[in-house]
Each structure stands twice: as C-alpha cells, then as structure tokens.
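> Just passing along the structure, written as structure tokens.
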Amino acid sequence: MDDINLFSENVIYEVLITTFECGIFHTKPFGMKINDNKIILNLFPNKTLYNLKQNPNFIIQINQNPLIYVKSATNQLHYEDYVNNNILKDTSHVLIARVLFMDEIEIKDSYGKNVLTEIIAEPLELKKLKNTIPLINRATNIIIDLLVDYSRFYYMTSSEKEKFCEKLVDCERIIKKTGTENHLESLMILKNEIKLE
C-alpha cells in the first residue's frame, strides 16, 4: 500500500486501535510505528491483544481530539462518541490493517516481569474521512503524555504514583492556558480516575 509512505518510519504515533470480537468493537489508544511498510504494535496482555488473537482485522483511527483518547483509555467512550458504527468523532483518517505475525517476548522493567507481544500487521487501506489540518497544540501533547503515564499507573509504586500526581498538577496550568474545553474535560477525567482533587 503506497499511502503508508505518508508515515515516517520508526516514529511512534499515538493512535486509536479498534478491534472486533463477535461484532462488538473495542477502542483503546496505543503507540504505533511503521517499519518496512508494516505496522508495529507492542502490546501487553489486554482486551485489544485478546481480540487480535481472535480476529486479525483491525482499524487504526487517526484522531487529534485528546478527549477521545482519554475516554477510550478510561473506558468512558459512549455511543455518542461514535459517528458511524465503529468510527469515532473527529477521526480524520482510518487505516485498515490485518495482523501478519505475533511474537511474545518476556520482559523485565521497573514494573516487574511481563509478556510483551510484538504485532506486525499489514496496512490494507488508508481512508480519508475529513479534511483537517494536523496542528500541534501544547495542551494536546501534555494530555497524551499524561495518558501514557496513566496507562502504567496501576503498576506504579506509591512514590511513582505520587510523582505522577505532582506532574498532573504541574501540567494543569499549561493545559488551562493553551487548551480547550476538551482538554479541561480530559484533565478532569484523569484526575477523577486517580482520585486526585
């Protein structure tokens, strides 16, 4: 697929992965890389990985709305967040893909031992849904960075959790200054999830 060349190789892109099981779709944010015209995902054991083992077809949604990322990470997506069955609001492009290969690797990091599954997938089709200009916004970048940390929150030690809470509070000023209502709602969801007043 020639359109895959629109993505730079070996750069981690934050995207929304939609998988399917028995006709029910499941969307979560993940980092994705392109290498040798293939999609690379590294997943820990979770619902997305389970679904990909059952059904190798999935959708990558390109979306710049930080609230959608936060709601998907915290299991708060609702019917009204979708515009067309399994396509989320504000999604500008959809990349349809199929898993070619999975390789399980045992790793040990600061959170302990775990199994990481590297997924290599074939991009099948890139569909443009909207004419949007990809813009960089400080508040969006901060929310995504906080979300990456949040995804590890329940594996953190108490001192790591405390540092994350401090980081979230420190970032709040910039989010309020440079963000929109979506950014502020994203921040509130994260604060509620970790029980931070």
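> Taking amide H positions as placed 1.01 Å from N in the peptide plane, with prolines and chain starts having none, which residues 5 or more places from ASN57, or on another chain, fall under 5 Å of its amide H?
Under 5 Å from the amide H of ASN57: VAL99.
> Let me ask something additional. Tell me, what is the Rg over Rh of the chain, with Rh the Kirkwood radius over Cα pairs?
0.96
> Let me spell out the model: positive unit charges on the Cβ of Lys and Arg, negative unit charges on the Cβ of Asp and Glu, origin at the Cα centre of region 138-193. What dipole size does that give, in debye rounded to 20?
140 debye
> May I ask you to compute the full-extension gain from TYR79 to ILE136, defined as 0.36 nm times their residue separation minus their alpha-carbon distance, rounded to one decimal in nm?
Result for the pair: 17.7 nm of gain on full extension.
> According to a simple spin-label model (label point 7 Å from Cα along Cα-to-Cβ), what is the distance in nm between LYS167 and GLU181?
About 3.0 nm, to one decimal.
> Now, a different point. Tell me, what does the Kirkwood hydrodynamic radius of region 138-193 come to in angstroms if you use every pair of distinct C-alpha atoms?
That comes to 11.3 Å for region 138-193.
> Defining a contact as two alpha carbons under 8 Å apart and six or more residues distant in sequence, what relative contact order in percent does region 94-151 show?
So the answer I get is 34 percent.
> Relative contact order for region 80-197: what is it in percent, counting Cα pairs under 8 Å that are at least 6 residues apart?
The normalised contact order for region 80-197 reaches 21 percent.
> Dividing the Cα radius of gyration by the Kirkwood radius, what Rg/Rh value follows for region 49-117?
1.05
> Okay, moving on. Relative to a virtual label point 7 Å from the Cα of ILE12 in the Cα→beta-carbon direction, which members of region 176-197 show backbone nitrogen distances below 20 Å?
Label zone hits: none.
> So for the pair ILE144, ASN192, with labels modelled 7 Å out along Cα→Cβ, what separation do we get in nm?
Those two pseudo-labels are separated by 2.4 nm.
> Sticking with this one: In region 1-98, what GluC sites (Glu not before Pro) fall in a loop by DSSP, with at most 13 other Cβ atoms inside 10 Å?
GLU9
None of the figures in this text is laboratory data; all of them are computed from the coordinates on show. Computed from a predicted model, the values in this text were never measured in an experiment. Please note: Cβ atoms are built from the backbone with ideal geometry, for glycine as well, and neighbour counts cover all protein chains shown.
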